[in-house]
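Okay, so here's the structure we're looking at.
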Amino acid sequence: MKLVEKVSQLIGDTPVFSLSHSLIPDNKKLYLKLEQFNPNFSIKDRTALGLIEKALESGKLKPGGTVIESTSGNLGKSLAMLSASLKFKLIVVVDPKVSKNSLNWFKAFGVDVETVTTPDASGGFQTARIARVKELLKDNPDAFWTNQYDNPDNPHYHESVTANEFLDIPADMIVGTVSTGGHFTGISKGIKKVNSNMKSLACDVAGSAIFGSQFHPYLLNGLGLSWRSDNTHIDAFDYLLNVSDQNAISICHMIAKDLGLLLGGSSGVVIFSALVALQLQNINSVVAIAPDTGVNYLDQFYDAEWLLEKEVQLLTLDELKQEVNKSVLSIRKVNE
(Lines give C-alpha, C1' and ligand atoms only; values in the text may rest on other atoms or scores of the structure.)
Protein backbone atom coordinates (compact mmCIF):
# COMPACT_ATOMS: atom_id res chain seq x y z
CA MET A 1 0.00 0.00 0.00
CA LYS A 2 1.32 3.41 -0.98
CA LEU A 3 0.73 6.05 1.69
CA VAL A 4 0.95 9.73 0.67
CA GLU A 5 0.73 12.95 2.63
CA LYS A 6 0.40 15.50 -0.18
CA VAL A 7 -1.85 15.72 -3.24
CA SER A 8 1.26 16.28 -5.38
CA GLN A 9 2.46 12.78 -4.46
CA LEU A 10 -0.51 11.35 -6.36
CA ILE A 11 0.79 12.78 -9.65
CA GLY A 12 2.58 10.50 -12.11
CA ASP A 13 3.24 6.76 -12.46
CA THR A 14 0.20 6.43 -14.72
CA PRO A 15 -0.66 3.01 -16.19
CA VAL A 16 0.00 1.77 -19.71
CA PHE A 17 -2.93 0.10 -21.47
CA SER A 18 -2.31 -2.42 -24.26
CA LEU A 19 -5.06 -1.65 -26.76
CA SER A 20 -6.73 -4.47 -28.69
CA HIS A 21 -9.09 -3.38 -31.45
CA SER A 22 -9.89 -4.27 -35.07
CA LEU A 23 -8.59 -0.84 -36.13
CA ILE A 24 -5.07 -1.99 -35.24
CA PRO A 25 -3.25 -3.85 -38.06
CA ASP A 26 -2.43 -7.51 -37.50
CA ASN A 27 0.83 -8.21 -35.65
CA LYS A 28 1.18 -4.59 -34.52
CA LYS A 29 0.81 -3.09 -31.05
CA LEU A 30 -0.69 0.11 -29.67
CA TYR A 31 -0.04 1.13 -26.07
CA LEU A 32 -1.85 4.00 -24.32
CA LYS A 33 -0.27 5.96 -21.47
CA LEU A 34 -3.43 6.86 -19.57
CA GLU A 35 -2.87 10.29 -18.04
CA GLN A 36 -6.44 10.35 -16.75
CA PHE A 37 -5.13 8.44 -13.73
CA ASN A 38 -3.53 11.59 -12.36
CA PRO A 39 -5.62 13.08 -9.50
CA ASN A 40 -7.22 15.74 -11.74
CA PHE A 41 -7.56 13.26 -14.61
CA SER A 42 -5.06 14.79 -17.07
CA ILE A 43 -1.38 15.19 -17.94
CA LYS A 44 -1.66 18.85 -16.96
CA ASP A 45 -1.26 17.77 -13.32
CA ARG A 46 2.36 17.03 -14.20
CA THR A 47 2.80 20.36 -15.98
CA ALA A 48 1.24 22.34 -13.14
CA LEU A 49 3.42 20.61 -10.55
CA GLY A 50 6.60 21.22 -12.53
CA LEU A 51 5.83 24.91 -13.08
CA ILE A 52 4.82 25.61 -9.47
CA GLU A 53 7.72 23.68 -7.90
CA LYS A 54 10.23 25.57 -10.06
CA ALA A 55 8.56 28.94 -9.36
CA LEU A 56 8.70 28.34 -5.59
CA GLU A 57 12.29 27.14 -5.81
CA SER A 58 13.39 30.23 -7.80
CA GLY A 59 11.40 32.69 -5.67
CA LYS A 60 9.24 33.85 -8.60
CA LEU A 61 6.26 32.65 -6.58
CA LYS A 62 6.22 33.51 -2.91
CA PRO A 63 4.39 31.32 -0.38
CA GLY A 64 0.80 32.55 -0.24
CA GLY A 65 1.28 34.54 -3.45
CA THR A 66 -0.88 34.81 -6.57
CA VAL A 67 -0.69 32.74 -9.78
CA ILE A 68 -2.36 33.75 -13.06
CA GLU A 69 -2.84 31.52 -16.11
CA SER A 70 -4.75 31.29 -19.38
CA THR A 71 -6.38 27.89 -19.80
CA SER A 72 -8.95 25.99 -21.81
CA GLY A 73 -9.65 23.83 -18.78
CA ASN A 74 -7.22 21.12 -17.71
CA LEU A 75 -4.21 23.16 -16.63
CA GLY A 76 -6.53 25.45 -14.72
CA LYS A 77 -7.99 22.46 -12.89
CA SER A 78 -4.53 21.18 -12.02
CA LEU A 79 -3.37 24.58 -10.78
CA ALA A 80 -6.63 24.89 -8.82
CA MET A 81 -5.91 21.63 -7.02
CA LEU A 82 -2.38 22.76 -6.17
CA SER A 83 -3.56 26.22 -5.11
CA ALA A 84 -5.75 24.61 -2.46
CA SER A 85 -3.02 22.18 -1.41
CA LEU A 86 -0.09 24.62 -1.42
CA LYS A 87 -2.07 27.70 -0.31
CA PHE A 88 -1.57 30.20 -3.13
CA LYS A 89 -4.24 32.33 -4.83
CA LEU A 90 -5.15 31.45 -8.42
CA ILE A 91 -6.78 33.52 -11.17
CA VAL A 92 -7.64 31.67 -14.39
CA VAL A 93 -8.54 33.32 -17.69
CA VAL A 94 -10.94 31.26 -19.83
CA ASP A 95 -13.15 31.76 -22.89
CA PRO A 96 -16.72 30.77 -23.89
CA LYS A 97 -15.60 27.29 -25.00
CA VAL A 98 -14.87 26.32 -21.40
CA SER A 99 -17.31 23.73 -20.08
CA LYS A 100 -19.62 24.27 -17.12
CA ASN A 101 -17.90 21.28 -15.57
CA SER A 102 -14.59 23.16 -15.61
CA LEU A 103 -16.11 26.32 -14.20
CA ASN A 104 -17.63 24.38 -11.31
CA TRP A 105 -14.28 22.67 -10.80
CA PHE A 106 -12.55 26.04 -10.42
CA LYS A 107 -15.18 27.25 -7.97
CA ALA A 108 -14.86 24.10 -5.86
CA PHE A 109 -11.20 24.94 -5.21
CA GLY A 110 -11.93 28.64 -4.59
CA VAL A 111 -10.38 29.97 -7.81
CA ASP A 112 -11.11 33.41 -9.30
CA VAL A 113 -12.33 33.11 -12.93
CA GLU A 114 -11.99 35.75 -15.65
CA THR A 115 -13.84 35.07 -18.93
CA VAL A 116 -12.80 36.61 -22.26
CA THR A 117 -15.81 36.89 -24.58
CA THR A 118 -14.40 38.68 -27.65
CA PRO A 119 -12.34 36.52 -30.05
CA ASP A 120 -9.08 37.69 -31.58
CA ALA A 121 -8.66 38.63 -35.24
CA SER A 122 -8.25 34.98 -36.28
CA GLY A 123 -11.55 33.97 -34.68
CA GLY A 124 -9.93 32.13 -31.77
CA PHE A 125 -9.65 33.13 -28.14
CA GLN A 126 -6.11 32.18 -27.13
CA THR A 127 -4.40 35.51 -27.88
CA ALA A 128 -7.36 37.37 -26.35
CA ARG A 129 -6.88 35.34 -23.16
CA ILE A 130 -3.17 36.14 -23.11
CA ALA A 131 -3.93 39.85 -23.49
CA ARG A 132 -6.23 39.66 -20.46
CA VAL A 133 -3.52 37.86 -18.46
CA LYS A 134 -1.12 40.72 -19.18
CA GLU A 135 -3.73 43.23 -18.02
CA LEU A 136 -4.20 41.29 -14.78
CA LEU A 137 -0.42 41.21 -14.23
CA LYS A 138 -0.38 45.01 -14.35
CA ASP A 139 -3.06 45.06 -11.65
CA ASN A 140 -1.21 42.37 -9.65
CA PRO A 141 2.50 43.19 -10.09
CA ASP A 142 3.64 40.58 -7.55
CA ALA A 143 1.69 37.78 -9.23
CA PHE A 144 3.39 34.90 -11.08
CA TRP A 145 2.29 33.91 -14.59
CA THR A 146 2.94 30.19 -15.06
CA ASN A 147 2.78 30.80 -18.85
CA GLN A 148 2.51 27.21 -20.01
CA TYR A 149 3.07 28.42 -23.59
CA ASP A 150 6.52 30.00 -23.31
CA ASN A 151 7.93 29.10 -19.88
CA PRO A 152 10.89 26.74 -20.56
CA ASP A 153 10.36 25.10 -17.17
CA ASN A 154 7.40 23.32 -18.78
CA PRO A 155 9.30 21.16 -21.32
CA HIS A 156 12.33 20.89 -19.00
CA TYR A 157 10.20 19.23 -16.34
CA HIS A 158 8.73 16.71 -18.77
CA GLU A 159 12.15 16.01 -20.29
CA SER A 160 13.78 15.29 -16.93
CA VAL A 161 10.85 13.66 -15.10
CA THR A 162 7.91 12.49 -17.25
CA ALA A 163 10.04 11.00 -20.05
CA ASN A 164 11.49 8.44 -17.64
CA GLU A 165 8.13 6.65 -17.46
CA PHE A 166 8.31 5.80 -21.17
CA LEU A 167 11.79 4.29 -21.37
CA ASP A 168 10.75 0.68 -20.72
CA ILE A 169 7.73 0.60 -23.05
CA PRO A 170 8.56 -1.58 -26.10
CA ALA A 171 7.66 0.81 -28.90
CA ASP A 172 9.14 2.09 -32.18
CA MET A 173 7.34 5.43 -31.98
CA ILE A 174 5.76 7.77 -29.46
CA VAL A 175 2.72 9.88 -30.40
CA GLY A 176 1.47 12.95 -28.57
CA THR A 177 -0.40 16.20 -29.02
CA VAL A 178 1.49 19.48 -29.09
CA SER A 179 -0.98 22.08 -27.78
CA THR A 180 1.11 24.46 -25.66
CA GLY A 181 4.16 22.37 -26.57
CA GLY A 182 5.48 21.60 -23.13
CA HIS A 183 4.74 17.98 -22.38
CA PHE A 184 5.39 16.40 -25.77
CA THR A 185 8.44 18.50 -26.61
CA GLY A 186 9.96 17.53 -23.28
CA ILE A 187 8.99 13.86 -23.38
CA SER A 188 10.23 13.44 -26.95
CA LYS A 189 13.58 15.04 -26.13
CA GLY A 190 13.96 13.02 -22.95
CA ILE A 191 13.31 9.70 -24.69
CA LYS A 192 15.61 10.50 -27.61
CA LYS A 193 18.47 11.22 -25.20
CA VAL A 194 18.30 7.58 -24.11
CA ASN A 195 16.98 5.95 -27.31
CA SER A 196 17.90 7.88 -30.45
CA ASN A 197 16.08 5.29 -32.60
CA MET A 198 12.68 6.13 -31.13
CA LYS A 199 10.56 8.06 -33.62
CA SER A 200 8.05 10.70 -32.55
CA LEU A 201 4.85 11.86 -34.20
CA ALA A 202 3.40 15.18 -33.03
CA CYS A 203 -0.30 15.57 -33.78
CA ASP A 204 -2.81 18.38 -33.55
CA VAL A 205 -6.40 19.18 -34.39
CA ALA A 206 -7.16 20.37 -37.93
CA GLY A 207 -7.66 24.14 -37.81
CA SER A 208 -4.76 24.76 -35.45
CA ALA A 209 -1.88 26.87 -36.78
CA ILE A 210 0.91 25.22 -34.77
CA PHE A 211 2.30 23.29 -37.76
CA GLY A 212 2.07 26.30 -40.07
CA SER A 213 -1.41 25.85 -41.51
CA GLN A 214 -3.95 28.67 -41.71
CA PHE A 215 -5.91 28.86 -38.45
CA HIS A 216 -9.66 28.26 -38.46
CA PRO A 217 -11.98 27.51 -35.50
CA TYR A 218 -12.42 23.89 -34.43
CA LEU A 219 -14.61 22.09 -31.89
CA LEU A 220 -12.20 20.25 -29.61
CA ASN A 221 -10.87 21.80 -26.39
CA GLY A 222 -7.47 21.32 -24.82
CA LEU A 223 -5.26 21.35 -27.90
CA GLY A 224 -4.41 23.55 -30.84
CA LEU A 225 -3.42 27.22 -30.98
CA SER A 226 -3.66 30.11 -33.40
CA TRP A 227 0.12 30.49 -33.16
CA ARG A 228 3.15 28.35 -32.24
CA SER A 229 4.29 28.74 -28.65
CA ASP A 230 7.97 28.99 -27.71
CA ASN A 231 7.67 25.62 -25.96
CA THR A 232 6.85 23.81 -29.21
CA HIS A 233 10.17 22.69 -30.66
CA ILE A 234 9.32 21.17 -34.03
CA ASP A 235 12.84 19.78 -34.39
CA ALA A 236 12.12 17.50 -31.40
CA PHE A 237 9.72 15.51 -33.60
CA ASP A 238 10.11 13.28 -36.67
CA TYR A 239 6.58 13.48 -38.08
CA LEU A 240 3.57 15.83 -37.95
CA LEU A 241 -0.13 15.17 -38.51
CA ASN A 242 -3.38 17.12 -38.21
CA VAL A 243 -6.61 15.27 -37.34
CA SER A 244 -10.17 16.45 -37.95
CA ASP A 245 -12.73 16.96 -35.18
CA GLN A 246 -14.90 14.27 -36.76
CA ASN A 247 -12.18 11.62 -36.84
CA ALA A 248 -11.08 12.32 -33.26
CA ILE A 249 -14.60 12.38 -31.83
CA SER A 250 -15.57 9.22 -33.72
CA ILE A 251 -12.54 7.42 -32.27
CA CYS A 252 -13.48 8.51 -28.74
CA HIS A 253 -17.03 7.16 -29.11
CA MET A 254 -15.80 3.87 -30.59
CA ILE A 255 -13.18 3.30 -27.88
CA ALA A 256 -15.77 4.04 -25.17
CA LYS A 257 -18.32 1.58 -26.54
CA ASP A 258 -15.87 -1.15 -27.54
CA LEU A 259 -13.35 -1.03 -24.69
CA GLY A 260 -14.92 0.88 -21.80
CA LEU A 261 -12.35 3.70 -21.88
CA LEU A 262 -13.85 7.20 -21.69
CA LEU A 263 -11.25 9.50 -23.23
CA GLY A 264 -10.99 13.20 -24.01
CA GLY A 265 -10.85 14.75 -27.46
CA SER A 266 -7.07 15.16 -27.35
CA SER A 267 -6.82 11.41 -26.80
CA GLY A 268 -8.98 10.87 -29.88
CA VAL A 269 -6.52 12.92 -31.93
CA VAL A 270 -3.60 10.93 -30.50
CA ILE A 271 -5.16 7.48 -31.03
CA PHE A 272 -6.20 8.29 -34.59
CA SER A 273 -2.65 9.50 -35.28
CA ALA A 274 -1.19 6.35 -33.73
CA LEU A 275 -3.40 4.21 -35.96
CA VAL A 276 -2.13 6.13 -38.97
CA ALA A 277 1.47 5.61 -37.82
CA LEU A 278 0.88 1.86 -37.55
CA GLN A 279 0.17 1.81 -41.28
CA LEU A 280 3.82 2.71 -41.90
CA GLN A 281 5.96 -0.25 -42.87
CA ASN A 282 8.79 0.45 -40.42
CA ILE A 283 6.52 1.03 -37.39
CA ASN A 284 5.34 -2.09 -35.55
CA SER A 285 4.52 -0.70 -32.11
CA VAL A 286 3.42 2.73 -30.91
CA VAL A 287 2.95 4.27 -27.47
CA ALA A 288 0.40 7.07 -27.48
CA ILE A 289 -0.04 9.63 -24.72
CA ALA A 290 -3.76 9.87 -23.91
CA PRO A 291 -3.80 13.27 -22.14
CA ASP A 292 -7.15 13.29 -20.34
CA THR A 293 -10.51 11.75 -19.52
CA GLY A 294 -13.79 11.99 -21.37
CA VAL A 295 -15.58 12.86 -18.12
CA ASN A 296 -14.73 16.50 -18.84
CA TYR A 297 -16.67 16.36 -22.12
CA LEU A 298 -19.88 14.52 -21.26
CA ASP A 299 -21.84 17.71 -21.93
CA GLN A 300 -19.95 18.31 -25.17
CA PHE A 301 -18.96 15.75 -27.79
CA TYR A 302 -20.36 12.81 -25.81
CA ASP A 303 -23.76 14.51 -25.82
CA ALA A 304 -26.12 13.61 -28.70
CA GLU A 305 -27.70 17.07 -28.82
CA TRP A 306 -24.28 18.72 -28.94
CA LEU A 307 -23.25 16.48 -31.86
CA LEU A 308 -26.45 17.37 -33.69
CA GLU A 309 -26.02 21.08 -33.04
CA LYS A 310 -22.40 21.02 -34.23
CA GLU A 311 -23.29 18.80 -37.21
CA VAL A 312 -20.82 16.07 -36.27
CA GLN A 313 -21.65 12.70 -37.83
CA LEU A 314 -20.01 9.76 -36.06
CA LEU A 315 -18.13 7.50 -38.45
CA THR A 316 -18.57 3.73 -38.65
CA LEU A 317 -15.72 1.25 -38.24
CA ASP A 318 -15.27 0.90 -42.01
CA GLU A 319 -15.39 4.67 -42.48
CA LEU A 320 -12.76 5.18 -39.80
CA LYS A 321 -10.51 2.57 -41.44
CA GLN A 322 -10.82 4.50 -44.70
CA GLU A 323 -9.96 7.76 -42.94
CA VAL A 324 -6.90 6.16 -41.31
CA ASN A 325 -5.65 4.80 -44.63
CA LYS A 326 -6.27 8.11 -46.37
CA SER A 327 -4.44 10.06 -43.66
CA VAL A 328 -1.18 8.19 -44.24
CA LEU A 329 -0.68 10.55 -47.17
CA SER A 330 -1.04 13.54 -44.83
CA ILE A 331 1.85 12.63 -42.51
CA ARG A 332 4.62 15.20 -42.89
CA LYS A 333 8.26 14.48 -42.16
CA VAL A 334 9.98 17.23 -40.19
CA ASN A 335 12.79 19.00 -42.10
CA GLU A 336 11.62 17.75 -45.49
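The values are calculated or read from the model by the stated rules, or taken from the named source; none is laboratory data. None of the values given here were measured: they were computed from a predicted structure. Heads up, the Cβs are rebuilt from the backbone with ideal geometry, glycines too, and the neighbour counts pull from every protein chain shown. Please note that ligands, DNA and RNA were not included when accessible areas were found on the heavy atoms of the full protein model with its side chains. Shrake-Rupley method; radii C 1.70, N 1.55, O 1.52, S 1.80 Å.
Approximating the spin labels as points 7 Å out from Cα along Cα→Cβ, the Lys257-to-Lys87 distance works out to 5.1 nm.
Using only alpha-carbon positions in the chain, the gyration tensor eigenvalues give semi-axes of 30, 22, 19 Å once each is multiplied by 5 and square-rooted (largest first). Phi angles of the stretch 216-225 translate, via the Karplus equation with coefficients 6.51, -1.76, 1.60 and θ = phi - 60°, into HN-Hα couplings of 8, x, 9, 8, 5, 9, x, 8, x, 8 Hz per residue; Gly and Pro are given as x.
Multiplying the residue separation of Val4 and Val295 by 0.36 nm and removing their Cα-Cα distance gives an extension gain of 102.2 nm. Accessible surface computed residue by residue for the stretch 11-78, with neighbouring protein chains in place and a 1.4 Å probe, gives 37 Å² per residue. Report in % the part of the accessible area of the stretch 1-100 that belongs to carbon and sulfur, leaving out ligands and nucleic acids; probe 1.4 Å. In the stretch 1-100, the share of accessible area belonging to carbon and sulfur is 53 percent. Taking all Cα pairs closer than 8 Å and separated by 6 or more residues, the relative contact order of the chain comes to 18 percent. Per residue, the stretch 137-187 exposes an accessible area of 36 Å² to a 1.4 Å probe, with every protein chain left in place. Once you reduce the stretch 237-297 and the stretch 19-63 to the center of their Cα atoms, the two points are 15 Å from each other.
If you roll a 1.4 Å probe over the stretch 103-209 with all protein chains in place, what percent of the accessible area is carbon or sulfur? Here carbon and sulfur together make up 49 percent of the probe-accessible area. Remark: the stretch 69-85, residue by residue, has Karplus-estimated 3J(HN,Hα) of 8, 8, 8, 8, x, 5, 5, x, 5, 5, 5, 4, 4, 5, 4, 5, 6 Hz, where x stands for each Gly or Pro and the curve is 6.51 cos²θ - 1.76 cosθ + 1.60 at θ = phi - 60°.
Computed from the C-beta positions of Asn104 and Asp150 and an R0 of 22 Å, the FRET efficiency is 0.15 to the nearest 0.05. Its Kirkwood hydrodynamic radius, worked out from the mean inverse distance over all distinct Cα pairs, puts the stretch 181-336 at 16.1 Å. List residues of the stretch 194-222, by number, whose backbone nitrogen lies under 14 Å from a label position 7 Å along Cα→C-beta of Ala121. Backbone N within reach: 215. Counting Cα-Cα pairs of the stretch 57-214 in 5 Å increments starting at 0 gives whole-percent bin shares of 2, 8, 15, 17, 19, 15, 12, 8, 3, 0, 0.
Rolling a 1.4 angstrom probe over the protein heavy atoms with all chains in place gives the stretch 216-267 an accessible area of 32 Å² per residue. Using the Karplus relation 6.51 cos²θ - 1.76 cosθ + 1.60 with θ = phi - 60°, the per-residue 3J(HN,Hα) values for the stretch 318-329 come to 5, 5, 5, 4, 5, 5, 4, 4, 5, 6, 4, 6 Hz, with x marking Gly and Pro.
Ignoring ligands, DNA and RNA, please state the percent of accessible area on the stretch 272-329 from carbon and sulfur, probe 1.4 Å. Accessible surface attributable to carbon and sulfur in the stretch 272-329 totals 48 percent. Scanning residues 5 or more positions from Val67 or on other chains, those with amide H under 5 Å from its amide H are Lys89, Leu90, Ile91, Phe144, with H placed 1.01 Å from N in the peptide plane.
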